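The structure appears below as structure tokens.
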Amino acid sequence: MKAIAWTKYGAPEVLKVKDFEKPSPKSNEVLIKIHASTVTAGDCRLRAFNVPMGFWLPTRLVFGLIKPRVDIIGMEISGEVVSTGEEVTLFEKGDKVYGTSGMRLRANAQYISLPEKSSLVKAPTNTSNEQAVATIFGGLTAIHFLRDKANIQAGQKILINGASGAVGTASIQLAKYFGAEVTGVCSTSNIDLLKSLGAKKVIDYTKEKMIENNETYDVILDAVGNLSLSQCKTLLAKDGKVILINAGLLTNLLSMTRKQVICGVAGESKESLTFLRERIEAGDIVAVIDKVYPLTQTAEAHSYVDKGHKKGNVVIFVKHEKN
Ligand SMILES: NC(=O)c1ccc[n+]([C@@H]2O[C@H](COP(=O)([O-])OP(=O)(O)OC[C@H]3O[C@@H](n4cnc5c(N)ncnc54)[C@H](OP(=O)(O)O)[C@@H]3O)[C@@H](O)[C@H]2O)c1
């Protein structure tokens, strides 16, 4: 099978299209024919090893000290089950599935084997593979931080900084689903996008400062990493919470002693993927896709995502020869 080989940390050019042996599922695994995958800000951070301050060593210990431990990059997949191990009970051949391989990686490929108990569920019934896969990275991050950590409630006011990226576009829609009033921060060309997704107010960061408009918020989600804790305090309502998803190790440690500050890494589970699927099927969350690249151009997709200005998500389309 074709897959994107990842043998060293560095620029997008370290990624190469190579032939690998098609995986065969163990007794508790399913073999998935992948139709679509993604290139996310998280993939680019890993590839270049550009991780938040203080996380260099812990992350290298997980992903490989000198070179990547796993030889194929990528995390999100949408596709179909083509065979199952003998102990598998949750899936059968032909099931359309979506999910994430997480730290197992190996998703930028034509096939992947995953344990049936991993973060993998039936795909939404009303989307293409490209749309389904595009919702996963931002969707799971938004569910983790807004639903599970900040416990967002109807009537609350939320400020989303970096609202036009994968996390931001999913967060606007999820916050609106929970009945919150969203203010999104973006540049001029993304104002209409944010409004179409449900933002009530938009701050154009090229023209206005967040601090100057005298508003306060119950929840602040910083998906950019350019807000300091003291700036957030000025913008927070009483008992408000600030979510810093790009914080360094020191802020992460500090957040453990302050109920107001939420940091950490987004979790993933069958439950959150199922919740996301229900939101998609109900029309509460739609996929926002900026560009679609063929698998063979994954390195080019990384170069584009590296620029830091994508609108929503970048999807990888995986072609299979007819046989
Ligand atoms: N802690 C976790 O578990 C976790 C989970 C997911 C993601 N993350 C991190 O969160 C960050 C965001 O992820 P993402 O996938 O949403 O990234 P992304 O899609 O690459 O974000 C790109 C967007 O950011 C906007 N942006 C850039 N500079 C901005 C600024 N100064 N103010 C407002 N918006 C700005 C861009 O809009 P313009 O073109 O208009 O500038 C663009 O639309 C990444 O660093 C990622 O690594 C952390």
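Give the residue that is surrounded by the fewest Cβ atoms within 10 Å (Cβ to Cβ), with candidates limited to residues of segment 215-242 that are farther than 19 Å from Ala142 by Cα and of a type in the set (Val, Ile, Thr).
If we take residues in segment 215-242 being farther than 19 Å from Ala142 by Cα and of a type in the set (Val, Ile, Thr), then Thr234 is surrounded by the fewest Cβ atoms within 10 Å (Cβ to Cβ).
Given Ala142, Ala163, Ala132, which one is part of a helix (DSSP H, G or I), buried (at least 24 other Cβ atoms within 10 Å of the Cβ) and within 12 Å of the ligand (Cβ to nearest atom)? Let's see the steps before the verdict.
Working: Ala163 fails: part of a helix (DSSP H, G or I); Ala132 fails: within 12 Å of the ligand (Cβ to nearest atom).
Sole residue among the options that is part of a helix (DSSP H, G or I), buried (at least 24 other Cβ atoms within 10 Å of the Cβ) and within 12 Å of the ligand (Cβ to nearest atom): Ala142.
Restricting attention to segment 46-61, does a residue exist that is out of contact with any helix residue (DSSP H, G or I) (no Cβ under 8 Å at 6 or more places or on another chain) and not in a helix (DSSP H, G or I)?
No, because not a single residue in segment 46-61 is out of contact with any helix residue (DSSP H, G or I) (no Cβ under 8 Å at 6 or more places or on another chain) and not in a helix (DSSP H, G or I).
Looking only at residues in segment 146-160 that are part of a strand (DSSP E or B) and within 12 Å of the ligand (Cβ to nearest atom), which one is farthest from Thr40 (Cα to Cα)?
Restricting to residues being part of a strand (DSSP E or B) and within 12 Å of the ligand (Cβ to nearest atom), the top hit is Leu159.
For Val305, state whether it is of a type in the set (Val, Ile, Thr) and either touching an Asp or Glu at 6+ places or on another chain (Cβ under 7 Å) or in contact (Cβ under 8 Å) with a residue 60 or more places away in the chain (or both).
The answer is yes for Val305.
Look at segment 183-202 and say how many of its residues are near the ligand (Cβ under 9 Å from one of its atoms), surrounded by 14 or more Cβ atoms within 10 Å (Cβ to Cβ) and of a type in the set (Val, Ile, Thr).
1
Being outside any loop (DSSP other than H, G, I, E, B) and within 13 Å of the ligand (Cβ to nearest atom) narrows it down to one residue among Val292, Val305; which is it?
After applying the criteria, what remains is Val305.
Taking segment 16-50 only, how many residues are within 16 Å of the ligand (Cβ to nearest atom) and either under 19 Å from Glu76 (Cβ atoms) or not hydrophobic (A, V, I, L, M, F, W, C) (or both)?
Let us first name the residues in segment 16-50 that are within 16 Å of the ligand (Cβ to nearest atom), namely 37-50.
Now restrict to residues that are either under 19 Å from Glu76 (Cβ atoms) or not hydrophobic (A, V, I, L, M, F, W, C) (or both): 37-48, 50.
Looking only at that region, the number is 13.
Conditions: (1) more than 15 Å from the ligand (Cβ to nearest atom); (2) assigned to a loop (DSSP other than H, G, I, E, B); (3) surrounded by 19 or more Cβ atoms within 10 Å (Cβ to Cβ). Gly283 meets all but one. Number of the miss?
(3)
Any idea which residue in segment 217-249 is farthest from Val51 (Cα to Cα), counting only those that are among the hydrophobic types (A, V, I, L, M, F, W, C) and away from the ligand (no atom under 15 Å from the Cβ)?
Selected residue: Ala237.
Go through (1) in contact with a helix residue (DSSP H, G or I) (Cβ under 9 Å, 6 or more places away or on another chain); (2) away from the ligand (no atom under 13 Å from the Cβ); (3) at pLDDT below 95; (4) among the hydroxyl-bearing types (Ser, Thr, Tyr) for Thr257 and report which single condition fails.
(1)
The values are calculated or read from the model by the stated rules, or taken from the named source; none is laboratory data. Just so you know, these numbers come straight off a predicted model, no measurement behind them. Heads up, the Cβs are rebuilt from the backbone with ideal geometry, glycines too, and the neighbour counts pull from every protein chain shown.
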